[in-house]
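Structure record follows, encoded as structure tokens.
Throughout, read-outs are computed from the coordinates displayed, never taken from laboratory work. Predicted, not measured: the structure shown is a model, and the values here were computed from it. Methodologically, a virtual Cβ is constructed for each residue, glycine included, from the backbone with ideal geometry; neighbour enumeration extends over all protein chains shown.
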Amino acid sequence: MPKAIREVYGTVLAELGDINEDIVVLDADLSGSTKSAIFGKAHPERFFNMGIAEQNMVATAAGMSTVGKIPFVNTFTVFLTSLGLLSARDQICYANLNVKFGGAYCGMSDALDGASHHATEDIAIMRALPNMKVIVPSDAASTRWATKYAVDNYGPMYLRLSRDVYPDLYTEETRFELGKGAVVREGSDVTVIACGLLVHKAMEAAEALAGKGVSVRVVDMYSIKPIDRELIIKCARETGAIVCAEEHNIFGGLGSAVSEVLAYEGCGVPTEFVGIQDTFTESAPYNELLAKYGVDADGVIAGVEKVLKRKK
Amino acid sequence: MALTAERIAELNELCRRFRIDVLTAIHAPKSGHPGGSLSVCEILTYLYQEHMNLDANKADDPDRDRLVLSKGHAAPMLYRNLAEKGFFPVEEMSTLRRMGGLAGHPNMHTPGVEMPGGPLGQGFPAAQGMAMALKLNKSPAKVYAILGDGELDEGVIWETAMSAAKFKLDNLIAIVDYNKVQLDGTTDEVMPLGDLAGKWEAFGWTVLECDGHDIEALDFCVSVADAAVGAPTVIIANTIKGKGVSFMEGKNAWHGKAIDDESFAKAMEELGGEVNA
């Protein structure tokens, strides 16, 4: 049974803490939820509960990094990328400090808590900060890689993590690379470029569409900034239609990042955007929310069908 | 060891010269913050030129003392002190707020700056983070966070006040440049600070209070703060906004106002500086 992404992250962080004494971990009274408590239990002297004070937590991490520490700041994604934004921008990114952001409950994964606890604009926010790198793991192996990558490589980094369990997509042998995406299913009629949960929904959609004779390529764009420009161009040229799929507002996130590349390169093809349609969400069981807001396999299928009608 | 009368006189003379240089630097681009730069003059000058363990030739020394100017708008006085310490030539003061020159608010392109400043409140928790990391490293270094009084309106200041006490950061020293004036008016008009010493005490801090323009008093308080055990110390330094230039003193209008030529000439006359300096 695969573990929740947050659980994988907390476990890996604790393991990395065994071998790297510079790692320090901060949380804002949600360590039991974000799973940073796993690190806290293993390395209590390097774990700091800052209370419900996210601004303080992130700026404290900025200061720690100037003394050579590798701070990981943790709380729900929505609070980290709103209350934590000032220091992220004016200290950490401005001065290119070595602080890592673990956004624990991305998208609508904190389903029942409702719109206030859903993060649907965090990619847009973090992507707009110079020096910030943005990674969206899509399974346990990619989460392990992203966490280790954050420790081993200098600079501000944002890991968009889910509260939820994602099925395994990769193996421990899979090689990941910043600035690269992975073709996780080959296809020739259309490419779904997705991240996080939506990679899995796209895989489901591709399987269903295969039965209708539609060949869908699925790309896991786990590195959103920097993004894999070559792969985007290749998919546009080879499949002639693109569907971007993300558990995020359709504005500013993965879909925007992909569109920027297509527009700049002058290789725009019909593109559909599967995501939260610029609206606030609500409290409900996760699967019901995903269905209602069109970010499930049916949403991807609808996106593919629409884009194929527009494909020349 | 207490400062000698000669050393105090030297530091006071440095302050006079720094005031001249800072006003000259602010006058040139017709933009900057004279009031808060003048009020924090003795605090920064005492720390940089007399007290802190800091050497520009060993700028990466892990055990150096750190200073975070959380009230980042007083950048010109920070720059003048860093130049005096040898982090960059004093002539660079003339590049203030110019393309490729010294930024309006401190950033880490400027040698000697430990943390960018500008958005108020944020420097304080960053200083706290330094103090926490230094403690983990068992370093003897101290961290001095220089706060404005208007800046105390920011909620994050009090978040940090709470957490620094929780973590027993006796290597963190906050100094409030308490000039009682902020941009729109007095602190009492804009946002009353009430019993300021009582507030810090209630948060678990050791509180000292002194005349922030009196080098000897600053020396005493900082030395006491350095010796603290088990709790952070705040020094409430009573200062005068615009200190040293009679018509700027206590006036919120001079918080962030460009210095016109006539005012500049008058200020130079009072401070014994040259208009063409």
Among the listed residues B:M99, B:M77, identify the single one that is in contact with a Cys (Cβ under 7 Å, 6 or more places away or on another chain) and farther than 15 Å from A:V67 by Cα. B:M77
Residue by residue through segment B:254-264, note down the ones that are over 13 Å from B:I26 (Cβ atoms) and surrounded by 14 or more Cβ atoms within 10 Å (Cβ to Cβ). none
Can you pull out every residue in segment A:105-141 that is closer than 15 Å to A:I224 by Cα and out of contact with any strand residue (DSSP E or B) (no Cβ under 8 Å at 6 or more places or on another chain)? A:I125, A:A128, A:L129, A:P130, A:N131
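Do we have B:A217 as farther than 25 Å from B:V156 by Cα and in contact with a strand residue (DSSP E or B) (Cβ under 7 Å, 6 or more places away or on another chain) here? Give the derivation first.
On the way: farther than 25 Å from B:V156 by Cα: yes; in contact with a strand residue (DSSP E or B) (Cβ under 7 Å, 6 or more places away or on another chain): yes.
So B:A217 fits the description; yes.
Kindly indicate the residue of segment B:144-171 that is more than 10 Å from chain A (Cβ to nearest Cβ) and in a strand (DSSP E or B) and also nearest to B:G129 (Cα to Cα) among those meeting that condition.
Here is the first cut: in segment B:144-171, the ones more than 10 Å from chain A (Cβ to nearest Cβ) are B:144, B:146-153, B:165, B:168-171.
Next, from what is left, pick out any that are in a strand (DSSP E or B): B:144, B:146-148.
Working: B:Y144: 12, B:I146: 15, B:L147: 16, B:G148: 19 Å.
Filtering segment B:144-171 for residues that are more than 10 Å from chain A (Cβ to nearest Cβ) and in a strand (DSSP E or B), the one nearest to B:G129 (Cα to Cα) comes out as B:Y144.
Conditions (1) touching a residue at least 24 places away in the same chain (Cβ under 8 Å); (2) of a type in the set (S, T, N, Q); (3) surrounded by fewer than 18 Cβ atoms within 10 Å (Cβ to Cβ), marked per residue:
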residue	(1), (2), (3)
B:E209	yes, no, yes
B:A217	no, no, no
B:A227	no, no, yes
B:E249	no, no, yes
B:E6 passes all but one of (1) in a helix (DSSP H, G or I); (2) out of contact with any helix residue (DSSP H, G or I) (no Cβ under 6 Å at 6 or more places or on another chain); (3) under 27 Å from B:F247 (Cβ atoms); which number fails? (3)
Of the conditions (1) buried (at least 17 other Cβ atoms within 10 Å of the Cβ); (2) more than 13 Å from A:I123 (Cβ to Cβ); (3) among the polar types (S, T, N, Q), A:S259 fails just one. Which one is it? (1)
Among (1) hydrophobic (A, V, I, L, M, F, W, C); (2) outside any strand (DSSP E or B); (3) closer than 20 Å to A:R160 by Cα; (4) facing another protein chain (nearest Cβ under 9 Å), which single condition is A:V24 missing? (2)
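For segment A:129-154, enumerate the residues that are of a type outside the set (A, V, I, L, M, F, W, C) and either buried (at least 20 other Cβ atoms within 10 Å of the Cβ) or assigned to a helix (DSSP H, G or I) (or both). Working first, answer last.
Going residue by residue through segment A:129-154, those that are of a type outside the set (A, V, I, L, M, F, W, C) are A:130-131, A:133, A:137-139, A:142-144, A:147-149, A:152-154.
Scanning segment A:129-154 gives A:K133, A:P137, A:S138, A:D139, A:S142, A:T143, A:R144, A:T147, A:K148, A:Y149, A:D152.
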Unmet requirement for B:P119, which otherwise passes all of (1) more than 20 Å from B:V229 (Cα to Cα); (2) more than 18 Å from the chain's Cα centre (by Cα); (3) not hydrophobic (A, V, I, L, M, F, W, C): (2)
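Can you tell me which of A:M57, A:M50 is under 20 Å from A:N131 (Cβ atoms) and within 14 Å of chain B (Cβ to nearest Cβ)?
Answer to the selection: A:M57.
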Residues of segment B:72-115 being of a type outside the set (G, A, S) and within 14 Å of another protein chain (Cβ to nearest Cβ), in sequence order, are B:H73, B:H105, B:P106, B:N107, B:M108, B:H109, B:T110, B:P111, B:V113, B:E114, B:M115
Say whether the condition of being in a helix (DSSP H, G or I), of a type in the set (S, T, N, Q) and touching a helix residue (DSSP H, G or I) at 6+ places or on another chain (Cβ under 8 Å) is met by at least one residue in segment B:108-118. no
Filtered residues of segment A:19-41 (kept if crowded, with 20+ Cβ neighbours inside 10 Å and either basic (K, R) or closer than 23 Å to A:V67 by Cα (or both)): A:I23, A:V24, A:V25, A:L26, A:D27, A:A28, A:K35, A:S36, A:F39, A:G40
Could you please give the count of residues in segment A:94-118 that are more than 26 Å from A:A194 (Cα to Cα) and not aliphatic (A, V, I, L, M)? 3
If you take the residues in segment A:60-99 that are in a helix (DSSP H, G or I) and of a type in the set (S, T, N, Q), which one is nearest to the other protein chains (Cβ to nearest Cβ)? A:T60
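Residues are listed down the side, and each one gets a yes or a no for (1) touching a Phe, Trp or Tyr at 6+ places or on another chain (Cβ under 6 Å); (2) among the aliphatic types (A, V, I, L, M):
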residue	(1), (2)
A:E7	no, no
A:A14	yes, yes
A:T66	no, no
A:Y105	yes, no
Any chance segment A:87-100 includes a residue that's within 12 Å of the chain's Cα centre (by Cα), buried (at least 22 other Cβ atoms within 10 Å of the Cβ) and among the hydroxyl-bearing types (S, T, Y)? no
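So, in segment A:112-138, exactly how many residues are among the β-branched types (V, I, T), more than 14 Å from A:G84 (Cβ to Cβ) and out of contact with any Gly (no Cβ under 7 Å at 6 or more places or on another chain)? Quick ask: steps written out before the conclusion?
Going residue by residue through segment A:112-138, those that are among the β-branched types (V, I, T) are A:120, A:123, A:125, A:134-136.
With more than 14 Å from A:G84 (Cβ to Cβ) added as a condition, the list becomes A:120, A:123, A:134-136.
So of that shortlist, the ones also out of contact with any Gly (no Cβ under 7 Å at 6 or more places or on another chain) come out as A:134-135.
Number of matching residues: 2.
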Which numbered condition B:G104 fails, given (1) surrounded by fewer than 24 Cβ atoms within 10 Å (Cβ to Cβ); (2) free of Cβ contacts under 8 Å to residues at least 12 places away in the same chain: (2)
Suppose we keep only residues that are more than 11 Å from the chain's Cα centre (by Cα) and hydrophobic (A, V, I, L, M, F, W, C) within segment A:127-139. Which one would you say is nearest to A:T171 (Cα to Cα)? A:M132
Out of all the residues in segment B:172-184, is one or more closer than 18 Å to B:G32 by Cα, touching an Asp or Glu at 6+ places or on another chain (Cβ under 6 Å) and buried (at least 21 other Cβ atoms within 10 Å of the Cβ)? no
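Would you check which residues across segment B:116-132 are at the interface with chain A (Cβ under 7 Å from one of its Cβ atoms) and surrounded by 24 or more Cβ atoms within 10 Å (Cβ to Cβ) and list them? Spell out how you get there, then give the answer.
Just the residues of segment B:116-132 that are at the interface with chain A (Cβ under 7 Å from one of its Cβ atoms), to begin with: B:116, B:118-119, B:122, B:125-130, B:132.
B:P116, B:Q122, B:P125, B:A126, B:A127, B:Q128, B:G129, B:M130, B:M132 - these are the residues of segment B:116-132 that are at the interface with chain A (Cβ under 7 Å from one of its Cβ atoms) and surrounded by 24 or more Cβ atoms within 10 Å (Cβ to Cβ).
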Residues that are touching a residue at least 40 places away in the same chain (Cβ under 8 Å), under 27 Å from A:V78 (Cα atoms) and of a type in the set (K, R): which strands (runs of 3 or more DSSP E) entirely in segment A:155-264 hold 1 or more of them? A:157-160, A:223-225
Would you be able to tell me the number of residues in segment B:229-247 that are more than 21 Å from B:I175 (Cβ to Cβ) and surrounded by 14 or more Cβ atoms within 10 Å (Cβ to Cβ)? 1
Scan (1) part of a helix (DSSP H, G or I); (2) of a type outside the set (D, E); (3) without any contact (Cβ under 8 Å) to a residue 24 or more places away in the chain for the single condition A:G51 breaks and write down its number. (1)
